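Read through the structure below, which is laid out as structure tokens, and then see the notes.
Here, each number is a calculation from the coordinates, and none is a lab measurement. Model, not experiment: these values are computed from the prediction. Neighbour counts run over all protein chains shown; Cβ positions are idealised from the backbone, glycine included.
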Amino acid sequence: MHWDRGYYSQSTYTCGTYRELSPIWLDFASLVKGHTPPRPTEGSPFSYLELGSGMGFGLCLMAANYPEGSFVGVDFHPEHISHSQWLADQLGLNNIRFLEADFVVLQQDASPLGLTPGHNGLYHYVCAHGIATWIAEPVQAALLELAAAALIPGGLFYCSYNTHPGWLARSAFQKLYSLELDRSDPSQPMATIHKTVASLRRLIGSDESPTPMGRSFPSLEAELDWISQDNPDYLCGEFGCQGWAPLYVSDMHQRCSQHKLRHLGSATLPELFDELLAPSLKEAVFEEANPLIRQTLIDLATNKAFRRDLFVKGALPLTRLQAEERLAALVVQGQETTPPGPGGQKAEEPYLFTTTFGQVVGDPKIYGPIDAALREGRRTLAELVAISGQAPEGVLPIVAMLLHDGRIGLDRGAVGVAAAEEAQRVNVILFRLIEQGKPYGSLLLPQLGTVSAISPVEVLIHRAVVEGLEGPMLSTCVLMGLEQMGVQLLEADKTVVADPDAQIGTIERIASDFIGLRLPMLQRLGALPKSLAPQETAVIASAPK
């Protein structure tokens, strides 16, 4: 058996971050489902294990956001681990370590994780993002056994994975692609992807004259368009693994139950509320009491392609009064940068949310007062109940929808304020690394315990602002910086902006949005200093170009 056990190891994976993995987000989902979160209060010490930590970027940023936590990342790809350790050193983190290890080997001897046979685990949270259906079944079984062994009683296991029926169409692409890989040049990964896409397009026919395959998978054409434009490192990781096998939800839940892991809910917040399903689906779902069958019905009805499931080892239910008390004390605040009015949410317009259940429509008479209150500052859920006039059980799904849509965030209170100075230090280093060409796209938001997306263009705009540039000079310097970085300027649809005048216009538009909306938000949430004093300006402006 090759060391990679069938996992695609010819390249490294992407450097991504995922808000659903953060402790504050997982605790919220746990509370909604009536389970006692692993941490008694925000800021309490905790231990966190990520199985399949990849390039380590997300875990390093989480360790920087949560200095009270202790983090361990496990991955068996040596290049992943070397990058992870390098990045942790660059960011000056002392609460994280990375382990190059194989799940199957750790299954036999978990002592490198600090675990001993016959004893309870050490970790409040164990996460495995996206890999469970990329690895062969014996490796998957080892992952689940490790997760269960590592958790403290009442700890949370986050496991996200590809699901059927949503992946059925793309399964045809994966099968053909895996065959093409056997005869392809590893140095030309996109050539193999494009060849597979071209072959499938010939097989599905046209809209006017579809083949039997085209009629069976009407979404495949759009999915092939998406595949053609995505990141090669992601595509190779997603489709190149020999163990790649999306699962129906019932299969995954049954496998987890064999390791004492009980399904609790979802880190995709709208999925915590079955009442958000389309009215036409509710009767078939609600009359089913068996949780395994009920979840399967939901996935079939909504053509689910990806799940972010939460499991618990040793459930610790809250009483209704305990749950209401803890939820009422939670604090949220606005995160969205688009203001109300022109270009943003109109007072009379319904709130529209894209979810795995389909589009959810929110009544502006109910959502509006809550949204407006959160734009003014921090609010507890109890205050939102009073402002809205709704019952607590009515406000909770509204808050969950606003969180899901990125309009608001869960506030860490005094803990987040105290972490701001350290987060700003780390963000300055991230700015420098992005300018040097590293493929990073996130900054710390310490007040919310999460991250915010940042593009190379915005990083260069920020540097120009702190150097006192504006107008045409700012746009010209940003364009020169992109050329030095070897980064192409893209529109929202990923098309390249080639015309020089159009490039300047695009940068001016991005700069206007960043300076007017994004920069104040980043300052308010502790990512950047609220005022750029001379010494702060000098630190940022002197970053290597």
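Given charges of +1 on the Cβ of Lys and Arg and -1 on the Cβ of Asp and Glu, with all other atoms neutral, how large is the dipole of the chain about its Cα centre, in debye to the nearest 20? Each step should come with its number before you reach the end.
Values: 40 positive and 60 negative charges, 159 e Å.
Charge dipole, the chain, about its Cα centre: 760 debye, nearest 20.
Using a cut-off of 14 Å between alpha-carbon atoms, which aspartates and glutamates can reach residue 530, once sequence neighbours fewer than 8 places away in the same chain are excluded?
Within the straight-line cut-off, residue 530 pairs with 421.
Kirkwood Rh, Cα Rg: Rg to Rh for the chain?
Numbers: Rg = 23.7 Å, Rh = 25.0 Å.
The Rg/Rh ratio comes out at 0.95.
If each residue's Cβ is checked for other Cβ atoms within 10 Å, how do 160, 187 rank with the fewest at the top?
Starting with the residue having the fewest Cβ neighbours, the order is 187, 160.
With unit charges on the beta carbon (Lys/Arg positive, Asp/Glu negative), name the residue among 232, 184, 7 whose Cα is farthest towards the positive pole of the charge dipole of the chain.
7
Quick check on the range 168-239: what are the equivalent-ellipsoid semi-axes from the Cα gyration tensor, as sqrt(5λ), descending, whole Å?
Values: eigenvalues 98, 28, 21 Å².
Each semi-axis is the square root of five times an eigenvalue, giving 22, 12, 10 Å.
So what is the calculated 222 nm ellipticity per residue for the chain, using -39500 (n - 2.57) for each DSSP H run with n of 4 or more, over all residues, to the nearest 500 deg cm²/dmol?
Rounded to the nearest 500, the figure is -14000 deg cm²/dmol.
If the viscosity is 0.890 mPa s and the temperature 25 °C, what translational diffusion coefficient in µm²/s does Stokes-Einstein give for the range 1-152 when Rh comes from Kirkwood over Cα pairs?
Values: Rh = 15.9 Å.
Once the numbers are plugged in, D ends up at 154 µm²/s.
Jot down the per residue volume, in cubic angstrom and as a whole number, of the convex hull over the alpha-carbon atoms of the range 36-112.
97
Counting other Cβ atoms within 10 Å, which trypsin sites (Lys or Arg not before Pro) in the range 181-222 have at most 14 and lie in a DSSP loop?
183
So, by mean Cβ neighbours within 10 angstrom, what's the order for 492-503, 348-359 with the highest one leading?
348-359, 492-503
Which lysines does residue 346 reach when only Cα atoms under 18 Å apart count, and residues fewer than 8 places away in its own chain are ignored?
Candidates past the 8-residue exclusion: 365.
For every other residue with a beta carbon closer than 11 angstrom to the beta carbon of residue 164, add +1 if it is Lys or Arg and -1 if Asp or Glu, then tell me the sum.
Net charge in that neighbourhood comes out at +1.
Cut-off under 19 Å on the C-alpha distance; same-chain residues fewer than 8 positions from residue 494 excluded. Which aspartates and glutamates are left, in chain and number order?
In chain and number order, the partners are 221, 223, 225, 230, 233, 458, 483, 508, 513.
Just want the ordering: 203, 59, from fewest to most Cβ atoms lying within 10 Å of their own Cβ. Don't skip to the end; give the middle numbers.
Values: 203 13, 59 28.
Ordered from fewest to most neighbouring Cβ atoms within 10 Å, 203, 59 come out as 203, 59.
With a Cα-only, solvent-free Debye model of the range 93-194, what are the log10 I(q)/I(0) values at q = 0.10, 0.12, 0.23 Å⁻¹?
-0.43, -0.58, -1.22
Can you report the principal axis dimensions of the range 78-128 using only the alpha carbons, biggest first, rounded to whole angstrom?
The Cα atoms of the range 78-128 stretch 38, 22, 18 Å along the principal axes, largest first.
Compute, for the range 168-239, the length of the dipole vector about the Cα centre, with Cβ point charges of +1 (Lys, Arg) and -1 (Asp, Glu) only. Units Debye, rounded to 20.
Once rounded to the nearest 20, the dipole reads 280 debye.
How large is the convex hull of the C-alpha atoms of the range 376-502 per residue, in Å³? Don't skip to the answer; put the middle values down first.
Numbers: hull volume 20.1 nm³, N = 127.
Considering the Cα atoms of the range 376-502, their hull volume per residue is 158 Å³.
Listed highest first by mean packing, meaning other Cβ atoms within 10 Å per residue, what order do 123-134, 278-289 come in?
123-134, 278-289
Tell me the Kirkwood hydrodynamic radius of the range 336-406 in angstroms, computed as one over the mean inverse distance between distinct C-alpha pairs.
Kirkwood radius, the range 336-406: 12.6 Å.
Taking neighbour counts of Cβ atoms within 10 Å as a proxy for exposure, in what order, fewest first, do 405, 230 appear?
230, 405
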